[in-house]
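Okay, structure first, notes after.
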Amino acid sequence: MNLPKHVAIIMDGNGRWGLKKKKSRNFGHKKGLEVVEKIIESAINQKIKFLTLFVFSTENWKRPNKEINYLFKLLNYYIDKKIQKLINKNIKISIIGNLRPFPKLLKSKIKKVQNLTKYNSKIQINMALNYGSRQEIVQALKKIKKKNLSITENNIKNNLYTKNIPDPEILIRTGDTKRISNFLIWQCIYSEIFFVKKMWPDFNKNDFIKIISMYKKINRNFGGLDVGTK
Ligand code: IPE
Ligand code: IPE
Ligand code: MG
């Protein structure tokens, strides 16, 4: 049976959920954050070592300022409110993405939470912030050029934000949408992909557990043949 080390999630559907509840898109984001906490707990219980969450994409800047600012506000709030809990629970927070365009205060809080949790070992939560796979690959190639290294798979891998993190065995996307949206295109070549109809605020621990147990039964052959096949 396969045990996943790394699960990646495209947490989609917050906005539609909020509007369906006759509230706002931002209301959906607020609810979505509560789900994040529950899924982190469940991932810990299932001994998953890496959980990568798509929080804000390089394309999400196209959204209205009101929504972008609210997402930043939520992130600020989350760090302030939960930093002690993350430390106590031995959770490591790590960021993938380009933090440069973020507001100064938020950036310093993000750096602080990364620093204060960097030796934690129960689980590593990779928050994808201003993350885009193409941008990640381009910056990796630039680094390789600067270091005068040759273009090899290993050198590319080692210059991605996800260096030192195994490829995700499982990719989940909620929100009834079947696309990758510029998320981990290098890392997910052999991930088992689960598209979930539910919007992210409705996703729960049970849904998560079910996916993990479905995954455990999958035969993964990575281009080879199943064990026992002649
Ligand atoms: C995903 O939910 C969260 C972010 C992109 C920040 P959406 O905000 O994309 O929600 P929908 O897909 O519009 O419903
Ligand atoms: C992907 O969702 C990004 C995040 C979940 C942060 P989007 O809602 O931005 O993706 P598209 O635009 O529907 O492809
Ligand atoms: Mg969406």
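List every residue pair whose Cβ atoms sit under 9 Å apart, with the two residues 6 or more apart in sequence or on different chains, where the first one lies in the range 33-61 and is more than 19 Å from Leu74 (Cβ to Cβ) and open to solvent by 20 Å² or more (accessible area, probe 1.4 Å) and the second, anywhere, is outside any helix (DSSP H, G or I) and at pLDDT below 95.
The qualifying pairs are Gln46/Leu3; Lys47/Leu3.
So which residues in the range 175-205 are more than 16 Å from ligand 3 (Cβ to nearest atom) and either free of Cβ contacts under 8 Å to residues at least 24 places away in the same chain or not aromatic (Phe, Trp, Tyr) (or both)?
Leu184, Ile185, Gln187, Cys188, Ile189, Ser191, Glu192, Ile193, Asn204, Lys205
Of all residues being of a type outside the set (Val, Ile, Thr) and open to solvent by 50 Å² or more (accessible area, probe 1.4 Å) in the range 190-201, which is farthest from Asp12 (Cα to Cα)? Just the residue, please.
Tyr190
Give the residue that is surrounded by the most Cβ atoms within 10 Å (Cβ to Cβ), with candidates limited to residues of the range 202-216 that are within 14 Å of Ile40 (Cα to Cα) and not aromatic (Phe, Trp, Tyr).
Ile212
Given the range 1-92, what helices (runs of 4 or more DSSP H) lie entirely inside it while holding 2 or more residues that are among the polar types (S, T, N, Q) and closer than 17 Å to Ile212 by Cβ?
So the answer is 25-45.
Tell me the residue from Ile156, Ile172, Ile151, Ile87 that is of a type in the set (A, V, I, L, M) and either buried (at least 19 other Cβ atoms within 10 Å of the Cβ) or in contact (Cβ under 8 Å) with a residue 40 or more places away in the chain (or both), please.
Ile172
Can you name the residue in the range 3-24 that is in contact with a Gly (Cβ under 9 Å, 6 or more places away or on another chain) and among the hydrophobic types (A, V, I, L, M, F, W, C) and, of all such residues, is farthest from ligand 3 (Cβ to nearest atom)?
That would be Leu19.
Does Ser108 satisfy the criteria of being modelled with pLDDT of 95 or more and closer than 24 Å to Phe27 by Cα?
Against the criterion (modelled with pLDDT of 95 or more and closer than 24 Å to Phe27 by Cα), Ser108 does not qualify.
The values are calculated or read from the model by the stated rules, or taken from the named source; none is laboratory data. These figures come from a predicted structure and were not determined experimentally. Backbone-built Cβ (ideal geometry, glycine too); neighbour counts: all protein chains shown. To get the accessible areas, we keep the full protein, side chains included, count just its heavy atoms, and leave off ligands, DNA and RNA. Shrake-Rupley method; radii C 1.70, N 1.55, O 1.52, S 1.80 Å.
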